[in-house]
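Scroll down for the structure; my scribbles are underneath it.
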Amino acid sequence: MSAPTRIAVLVGSLRADSLNRKIAESLRDSAGEGVSLEIVDGLGDLPFYNEDIDGETAPEAAVRLRAAVAAADRILVVTPEYNGTMPAVVNNAIDWLSRPYGQGAITGKPFGVVGATPTPYGGKWSHADTARSAGIAGAVVVEDVTVSQSALDVDVLVDPAVRATLAAAVQTLADFRPEPAAA
């Protein structure tokens, strides 16, 4: 039997009662066979990225984040939308994961983004910005793994259609195989 596909999950909300944290926990707890989701805690402990404090003596929170993502096969961000874009904590995590340039822990990793927010738009701008930033940072953005769900009219934690959509996104990310590089 092969090892499960390991997905590092970054949650874009630091709030204790965060809906997106609950989504991440639900996805972790209901992952299909052969898939393991690990929520990477400590994003709130990361200082803002600053090259002056990076390097051999990088902050411990950055070392832990990089190690968790490097050990994973895939990355999933579960995030709300703040003011029409991604939360600063997500942007900062991507900044830390993109260094050293071209060799960061995010480089070459299949990447997806899902989440919910209590707006009519469901976080679509946040998710697009997160995917774009991760792609520029070197991740392989899996286009079929973007779920932006409005939490206005539906309880995303129990609605069967939403749960199925989120589970399918996780499975698509787990099953994704990058195209081999052209010779």
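Only the coordinates and a few stated rules stand behind these numbers; no lab work does. Computed from a predicted structure; not experimentally measured. A quick note on method: Cβ atoms are made from the backbone with ideal geometry, for glycine too, and the neighbour counts reach across all protein chains shown.
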#### Entry: Hits in the range 133-156 (condition: part of a loop (DSSP other than H, G, I, E, B) and surrounded by 15 or more Cβ atoms within 10 Å (Cβ to Cβ))
ALA137, GLY138, ALA139, ALA151, VAL156
## Note on the structure
Within the range 121-132, restricting to residues that are under 13 Å from the mean Cα position of the chain (by Cα) and buried (at least 22 other Cβ atoms within 10 Å of the Cβ), the one that is farthest from ASP175 (Cα to Cα) is SER126
### Message
So in the range 101-120, with the set limited to residues that are part of a loop (DSSP other than H, G, I, E, B) and on the phi > 0 side of the Ramachandran plot, which one is surrounded by the fewest Cβ atoms within 10 Å (Cβ to Cβ)?
### Response
GLY102
### Query
If you go through the range 89-100 one residue at a time, do you hit one that is more than 17 Å from ILE23 (Cβ to Cβ), surrounded by fewer than 22 Cβ atoms within 10 Å (Cβ to Cβ), of a type in the set (Val, Ile, Thr) and in contact with a Ser or Thr (Cβ under 7 Å, 6 or more places away or on another chain)?
no
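Does the range 48-72 hold any residues that are in a loop (DSSP other than H, G, I, E, B) and in contact with a strand residue (DSSP E or B) (Cβ under 9 Å, 6 or more places away or on another chain), and which are they?
ALA72
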### Task
Those residues that are surrounded by 14 or more Cβ atoms within 10 Å (Cβ to Cβ) and either β-branched (Val, Ile, Thr) or over 18 Å from the mean Cα position of the chain (by Cα) (or both), I need them from the range 5-31; list them, please.
THR5, ILE7, VAL9, VAL11, ILE23
### Query
Among the residues of the range 1-47 satisfying the criterion of being of a type in the set (Gly, Ala, Ser) and in a strand (DSSP E or B), which is farthest from VAL140 (Cα to Cα)?
SER36
